1. Would you pull out the residues with amide H under 5 Å of residue 85's amide H, same chain only if 5 or more places away, H placed 1.01 Å from N?
2. Between residue 213 and residue 84, 0.36 nm times their residue separation minus their Cα-Cα distance comes to what?
3. Could you give the length gained by full extension between residue 53 and residue 238, i.e. 0.36 nm per residue of separation minus their alpha carbon distance, to one decimal place?
4. Of 186/234; 101/211; 38/234, which sit over 24 Å apart, Cα to Cα?
5. Sort 34, 209 by heavy-atom solvent-accessible area, probe 1.4 angstrom, most to least.
6. Taking θ as phi - 60°, what are the ³J(HN,Hα) couplings along the stretch 99-105 by the Karplus curve (6.51, -1.76, 1.60), each to the nearest whole Hz, with x for Gly and Pro?
7. Mind ranking 235, 48, 43 by accessible surface for me, highest first, 1.4 Å probe?
Amino acid sequence: MLDLLSDPNVWASLLTLTALEIVLGIDNIIFISIMASKLPPERQHSARRVGLALALLTRLALLASIAWVAQLTQPLFTVAGWDVSGRDLILILGGLFLLAKGTLEIHHTVEGHEEGGSAPKHATFTSVVVQIMFLDIVFSLDSVITAVGMSDHLPVMVAAVVIAMAVMLFASGPVGDFVNRHVTVKMLALSFLLLVGVALVADGLGFHIPKGYLYFAIAFSTLVEALNLLARRKRSVAH
């Protein structure tokens, strides 16, 4: 352990891997914020905390099963010349779930808004936590495989995942509150989930979409919405 702490290459690997884990967790934070908003306000923080804590245990279990994670990329069966692996199946199912969930949430948001903001139906605490856990497994699969490929030291991988999860836990509260206060931001976030869902399904089917394109689209749309919010605030102050 002392050898690891004194090795600058290990520290560089930890910083790089932590940064990647945080970037790959951005879409996860958006999903967690939207799912937690289905609960009463006083239970949202607990749902985020419990869901992320259980998700952390899941990620650590995946890291501890490095050999099994590596096997996920091995073909399970072949369909019309396409080799289907466990990773492909998980990504396709997760992507389809995101597409279905995002579409339903957009429908409920628009319908509720048009009806004059009728009282929302609250989901159960358990269902929200289970959905957070399930999607975190899908979102974390690529990040865990990335961690395995970038570092040969399990303690470094574990430290990077724990740090990234702590950042997500800290950021999920402010992000969730901000999304809940602005309907247009929530719609934009749901659109991001649809975009990520399409990317997951495409990746599972063998059509890899570079993450840089997705992040650029998300960043550009976020910038446009930030300008809209700023303009709206200036108009409200002027009146």
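1. Correct list: 76.
2. 43.9 nm
3. Working it through step by step, the gained length comes to 62.1 nm.
4. Check vs 24 Å cut-off fails for 38/234.
5. Numbers: 34 0, 209 60 Å².
Ranked from most to least accessible, the order is 209, 34.
6. 4, 5, 5, x, 5, 5, 5
7. Correct descending sequence by accessible area is 235, 43, 48.
The values are calculated or read from the model by the stated rules, or taken from the named source; none is laboratory data. Note that this is a predicted model, so its numbers are computed, not measured. Quick note on the areas: whole protein, heavy atoms, side chains included, nothing else; ligands and nucleic acids left out. Shrake-Rupley method; radii C 1.70, N 1.55, O 1.52, S 1.80 Å.
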